[in-house]
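See below for the structure under consideration.
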Amino acid sequence: MLPIIFSYLVVGFAFGIMMQEAGYTWLHALFASVFIYSGSLQIALVPMIVAHTPLLVMAASAFLINSRYMFYGIGFTERFKKQGLLYPYMIFAFPDEVYCVFCGTNYPSDVDPVKCDLWSAVLCHLSWISGGVIGAAFGDLIPLDLSGIDFAATCLFVCIFVNQWMEFKSHLPMYVGLASGLLCLFVLGPDNFMLPALSLSLVLLVILKKRVMEKEES
C-alpha cells in the first residue's frame, strides 16, 4: 500500500491547497476528506462550490463520477462481509487504487487477510485525510507551482498495471480493459466513455472468467 499512501498524500495535498485558495479552512478540508473519499470528486467539488452550483446538480455529479465504484465492489461483497460491523466502511473505503491492489495481492499464509484488508484500507484513507489537511493548513507557506500534481494518481495506475502484467499468467483481463476503454473512447468521446467502458469490460470478463481462471491455475 506504500505507493498508494504516498500518492494520496500528494493528491490530497493538492486538494487541500485548492480548498485553501477557495477561502476554506483546514477543518473544511478535514471533513471533506473524511466523508468524500474520491480524488476525482473532491478535485471537481471545489470549483462547483465556488460557482455556487445547486446542491441537486452537485449530488448528480457525485453519483456519476463515483458510479464506477459499483462495478468494483461486485466481486468483493463476500470478502468484505467477513469484516462484520465494519462491512459498510470497507465498501466506503474502496477507491480505485485500493481496488487494484486488492485484486493483485496474495497474502502470506501466516497473516490474517481480514485484518490486512481492514488496516490497508484505513491507512490509505488516513493518508488521504492527512494530505488534505496539511495542504489546506500549510499550502500557502510553500512557494511551489503544484499545477498538474493530480497526475500522480495516473502514474500510480500505470505502475499497478505493469505489476499485474508481470504477476499474472493470463493477460486477457488487461486486453479486455484496454480494448473496451479504447473502443468506447473512440465512439463516445472522452466525456462519456467511462461507464460504458466499465460495463463492457464487466460483461466480457464475466463471459471469459472460466478461460482466465484456467490459465491462472495451469
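The values are calculated or read from the model by the stated rules, or taken from the named source; none is laboratory data. The model shown is predicted, which means the values in this text are computed figures rather than measured ones. No Cβ is skipped: glycine too gets one built from the backbone with ideal geometry, and neighbour counts run over all protein chains shown.
Below, the figures for the structure above:
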{"quantity": "Test: residue in region 83-101 that is surrounded by fewer than 13 Cβ atoms within 10 Å (Cβ to Cβ), closer than 27 Å to HIS171 by Cβ and among the acidic types (Asp, Glu)", "calculated": "no"}
{"quantity": "Enumerated helices (runs of 4 or more DSSP H) restricted to region 1-77, each holding at least 3 residues that are more than 30 Å from SER199 (Cβ to Cβ) and modelled with pLDDT of 80 or more", "calculated": "2-21, 26-35"}
{"quantity": "Residue match in region 103-118 (condition: part of a helix (DSSP H, G or I), aliphatic (A, V, I, L, M) and more than 26 Å from TRP165 (Cα to Cα))", "calculated": "no"}
{"quantity": "Residue pairs meeting the criteria (Cβ under 8 Å; at least 6 apart or on separate chains; first touching a residue at least 24 places away in the same chain (Cβ under 8 Å), in region 97-111; second surrounded by fewer than 13 Cβ atoms within 10 Å (Cβ to Cβ))", "calculated": "GLY104/GLU167"}
{"quantity": "Tally, over region 37-64, of residues that are β-branched (Val, Ile, Thr) and in contact (Cβ under 8 Å) with a residue 12 or more places away in the chain", "calculated": "4"}
{"quantity": "Which listed residue is farther than 30 Å from ILE5 by Cα, surrounded by fewer than 17 Cβ atoms within 10 Å (Cβ to Cβ) and either without any contact (Cβ under 8 Å) to a residue 12 or more places away in the chain or over 19 Å from the mean Cα position of the chain (by Cα) (or both), from LYS215, LYS169", "calculated": "LYS215"}
